[in-house]
1. For labels at Trp177 and Arg233 in the simple 7 Å Cα→Cβ model, what's the distance in nm?
2. If DNA, RNA and ligands are ignored and the probe is 1.4 Å, what is the ranking of Phe104, Phe218 by accessible area, most exposed first?
3. Say each of Asp196 and Lys119 gets a label point 7 Å from the Cα, pointing the same way as Cα to Cβ; how far apart are those two points in nm?
4. Under the rule of at least 5 residues apart or a separate chain, name every residue whose amide H is placed under 5 Å from the amide H of Arg111.
5. Run the quick spin-label model on Ile288 and Cys321: label points 7 Å from Cα toward the beta carbon, then report their separation in nm to one decimal.
6. Roughly speaking, to the nearest percent, how much of the range 174-243's 1.4 Å accessible area is carbon and sulfur?
7. Compute the distance from the alpha-carbon center of the range 114-163 to that of the range 10-80, in whole Å.
8. Against the globular-protein guess of 2.2 N^0.38 Å, express the Cα radius of gyration of the range 224-342 as a ratio, rounded to two decimals.
Amino acid sequence: MGFTIKDILRLEVTPALGCTEPAAVGLAAAAAAAVLPEKDLSAVEVWLDPGIYKNASGVAIPGTRGEYGINLAAALGAMAGDADLRLEVFKPIEAEALRMARDFINAGRVRVNLLHDRKGIYVRARIRGERDEAEAVIENAHDALTSLSLNGKAFKDHPLLSSPSGDTGRLRELEAWLAGRTLEEMTLMLDGLDGDDMAFIEEGLRCNLALAEHGLKFGPGLGIGLMLERLVREGLLKKDMIMQARILTSAASDARMSGVKLPAMSSAGSGNHGLTAILPIWAVKDYIFCDDPSRVLRSMALSHVLTGFIKAHTGRLSAVCGCSVAAGAGAAGGIAYLMNGT
């Protein structure tokens with residue numbers, strides 16, 4: 001079975017608020033809580049694969065002013081998350097929800113379990129009320145809810161079980177198919193881009209630029225982007241296309257990883273992949289002659305495709321940084337295309 005560029009964008013590229021690993025934990029908890037008849041929660045328990053556990057442990061959660069932790073992600077998702085928003089599940093989080101989640105955790109009502117031998121993305125959340133118990137399972141992709149049950153009885157047609165990347169069988173088919181493509185074949189796929197695709201890619205650019213602008217204005221997190229920009233202004237570094245790519249991308253990542261309440265357009269299951277796949281191309285376009293704005297967007301589309309191609313080989317969560325080996329390579333391919341490279 002073949003796939004189109006539209007299929008790849010639909011299955012691999014999606015908005016995400018904050019890091020996708022705590023978002024996946026929050027989404028599973030929110031989905032389980034959504035089917036619980038009573039909202040007086042008594043306990044939350046989650047089971048995670050090692051990759052989700054590692055990545056979700058130390059990154060700030062949106063709406064918390066820099067607080068982090070798997071137990072906090074689970075409690076916030078269960079108590080105030082909106083499962084309909086998928087990877088933007090933490091969007092409704094405000095101060096009162098954070099206070100309630102802290103109290104819930106301090107009362108010993110949240111338990112986190114590491115599944116040492118589990119391979120691939122896996123999150124299971126169990127929410128207990130006074131009389132009922134609900135469970136939700138995410139597998140293979142960060143927003144792919146594959147199971148939802150109440151008191152042991154599984155839902156068959158619940159709306160939360162359908163999502164762009166929720167069809168994990170379709171996603172696996174795409175990855176297997178994409179892994180066998182050549183660079184020439186992937187480049188030729190760009191001919192299938194239509195107006196809706198271009199508007200979607202442009203929306204992703206706007207999301208990621210907003211994060212970069214926030215990072216450069218406030219210097220949150222590690223503040224790497226703002227530091228590099230300051231060194232340029234002081235004449236200690238020279239701004240060329242490479243430095244501008246570093247500044248934009250690191251500033252956006254600073255903002256995102258510090259828990260700023262702005263969504264990133266993710267790529268291949270990662271918001272930082274999305275920043276890396278998109279922003280370097282935008283940086284380079286100011287240093288070359290390009291009289292066709294659509295070519296910039298087409299370059300970003302190719303970057304997404306190449307990122308997905310590499311992740312099809314490494315897996316959604318890899319031992320080495322996917323921003324370097326996947327999205328970085330995707331951006332390099334997109335930049336070469338933008339510069340009319342072969």
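1. Label at Trp177, label at Arg233, 4.9 nm between them.
2. Numbers: Phe104 15, Phe218 125 Å².
Highest to lowest solvent-accessible surface, that is Phe218, Phe104.
3. Going from the Asp196 label point to the Lys119 one covers 3.6 nm.
4. Those lying under 5 Å, H to H, from Arg111 are Val44, Glu45, Val46.
5. 2.4 nm
6. Working: 2350 of 4070 Å².
In the range 174-243, the share of accessible area belonging to carbon and sulfur is 58 percent.
7. Cα centroid of the range 114-163 versus Cα centroid of the range 10-80: 12 Å apart.
8. Numbers: Rg = 14.4 Å, N = 119, 2.2 N^0.38 = 13.5 Å.
Rg over 2.2 N^0.38 Å, computed on Cα atoms: 1.06.
The values are calculated or read from the model by the stated rules, or taken from the named source; none is laboratory data. Keep in mind that this is a model prediction, so the values were computed, not measured. Backbone-built Cβ (ideal geometry, glycine too); neighbour counts: all protein chains shown. Surface accessibility is based on the protein's heavy atoms, side chains included, excluding ligands, DNA and RNA. Shrake-Rupley method; radii C 1.70, N 1.55, O 1.52, S 1.80 Å.
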